[in-house]
Amino acid sequence: MYFGENLLFMKVIFFGYIFLVSFLGYSQTNKVLPVDESFKQFLSCRDFTISYNEKEAYFTIQNLNETKGAIVKAEKVKDEWKNFEIVSFSGEHRDIEPFLTPDNLRLYFSSNRPKDNTTEEGDYDIWYVERASIDSAWSKPKNVGSPINTQYNEFYPSLSKNGNLYYTSDKFTTISKDDILLSKWNGTTYEHPIQLNENINSKGYEFNAFISPDEDFILYTVYGAKDGLGSGDLYISFKDENGEFLKRKNLGNQINSNRMEYSPFYDKVSENLYFTSKRDETKNKKATNLSEFNELAKSYINGLSRIYKIKIDIKELKRN
């Protein structure tokens, strides 16, 4: 989802939010951490997807007013993320929200880049690049096309192992806000998209969903929810024995803050939940000189979009 300057992030704080502290799906000793200290070099970054061998990751960097975005690749060297570079197909338009498919041979993303036979930037569509192997170069971007892309905005693609595509759309704003849609892959083409059930979507904002490879759970953001901690919170929903998503659960204040949390990605290998947050620890810290003020402004948890991680136990979350 695109967070432009016109979107008001209303804070809905409830006195009882402290009771959301735990689903026991993550230990009280587990803490939200910066994804890596090397990411501090980026003033504003968001979205995160990692390869199954844990050796490469892709994420979005953007300017401070979030009008410019580019997709960056990073390589893991001795447990540290290094060798950052803008990917070959990005940097000119606003490319955001990369997602590596489970086989790592396609990278999907959202972009306002021009369509075929045009030069003007337009609405946000879902695009992808592909490669023959994980060591091969990426192809030129291809538009996913109809029935997924429309005259409206499509954001945050996430695919299961069978090719089913989950994404965010603002197509239904006459009856709701942003919703999460599913387009099933039938082996030949994508079928007409459907909205997920009322346990996921509502009349408000639901967006930026990560679907597990086996489609047994979904992680996503709900904005302004009655049981939220403020702004947008991360939620999880599991499927029942009939394949229907159950009522969503707030992930609690060990993960969520009173600021925006969004763009989740769960890595089964490391059991890390990666997500973006605009949390801020600078508000109540004193700066007595310019040097101290600049240090606060440049600190990682400074209210700008940053990528974080926390280790969670999905099975334990489901039991609770």
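The values are calculated or read from the model by the stated rules, or taken from the named source; none is laboratory data. Please read all numbers here as calculations on a predicted model, not as lab measurements. In this analysis, Cβ positions are derived from the backbone assuming ideal geometry, glycine residues included, and neighbour counts consider all displayed protein chains.
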Matching entry among 238, 265 (being in contact with a Lys or Arg (Cβ under 8 Å, 6 or more places away or on another chain) and within 14 Å of residue 210 (Cβ to Cβ))
238
Counting only residues that are loosely packed, with under 14 Cβ neighbours inside 10 Å and either closer than 18 Å to residue 178 by Cα or out of contact with any Lys or Arg (no Cβ under 7 Å at 6 or more places or on another chain) (or both), how many does the range 124-141 have?
5
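Matching residues to (1) charged (D, E, K, R); (2) closer than 20 Å to residue 206 by Cα; (3) touching a Phe, Trp or Tyr at 6+ places or on another chain (Cβ under 6 Å):
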position: 251; (1), (2), (3): no, yes, no
position: 257; (1), (2), (3): no, yes, no
position: 267; (1), (2), (3): yes, no, no
position: 282; (1), (2), (3): no, no, no
position: 285; (1), (2), (3): yes, no, no
position: 288; (1), (2), (3): no, no, no
Evaluate the range 177-199: report whether one residue or more is hydroxyl-bearing (Ser, Thr, Tyr), out of contact with any strand residue (DSSP E or B) (no Cβ under 8 Å at 6 or more places or on another chain) and assigned to a loop (DSSP other than H, G, I, E, B).
yes
Are any of the residues in the range 172-189 farther than 29 Å from residue 306 by Cβ and surrounded by 18 or more Cβ atoms within 10 Å (Cβ to Cβ)?
yes
Does residue 148 satisfy being surrounded by 19 or more Cβ atoms within 10 Å (Cβ to Cβ), assigned to a loop (DSSP other than H, G, I, E, B), touching a Leu at 6+ places or on another chain (Cβ under 7 Å) and of a type in the set (Val, Ile, Thr)?
yes
So which of 167, 223 ends up being out of contact with any Ser or Thr (no Cβ under 6 Å at 6 or more places or on another chain), farther than 28 Å from residue 114 by Cβ and at pLDDT 95 or above?
223
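Here is a yes/no grid of residues against (1) crowded, with 18+ Cβ neighbours inside 10 Å; (2) on the phi < 0 side of the Ramachandran plot; (3) under 14 Å from the mean Cα position of the chain (by Cα):
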| site | (1), (2), (3) |
| --- | --- |
| 194 | no, yes, no |
| 200 | yes, yes, no |
| 205 | yes, yes, no |
| 236 | yes, yes, yes |
| 254 | yes, yes, no |
| 262 | yes, yes, yes |
| 275 | yes, yes, yes |
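Please verify whether residue 314 is of a type in the set (Val, Ile, Thr), in contact (Cβ under 8 Å) with a residue 12 or more places away in the chain and either touching a Gly at 6+ places or on another chain (Cβ under 8 Å) or farther than 22 Å from residue 50 by Cα (or both), treating the condition exactly as stated.
The answer is yes for residue 314.
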Going through 312, 307 one at a time, which residue ends up being touching a Cys at 6+ places or on another chain (Cβ under 8 Å) and either at pLDDT 95 or above or buried (at least 20 other Cβ atoms within 10 Å of the Cβ) (or both)?
307
If I go through the range 182-222 residue by residue, how many of them are under 19 Å from residue 246 (Cα atoms) and either in contact with a Gly (Cβ under 7 Å, 6 or more places away or on another chain) or free of Cβ contacts under 8 Å to residues at least 24 places away in the same chain (or both)?
9
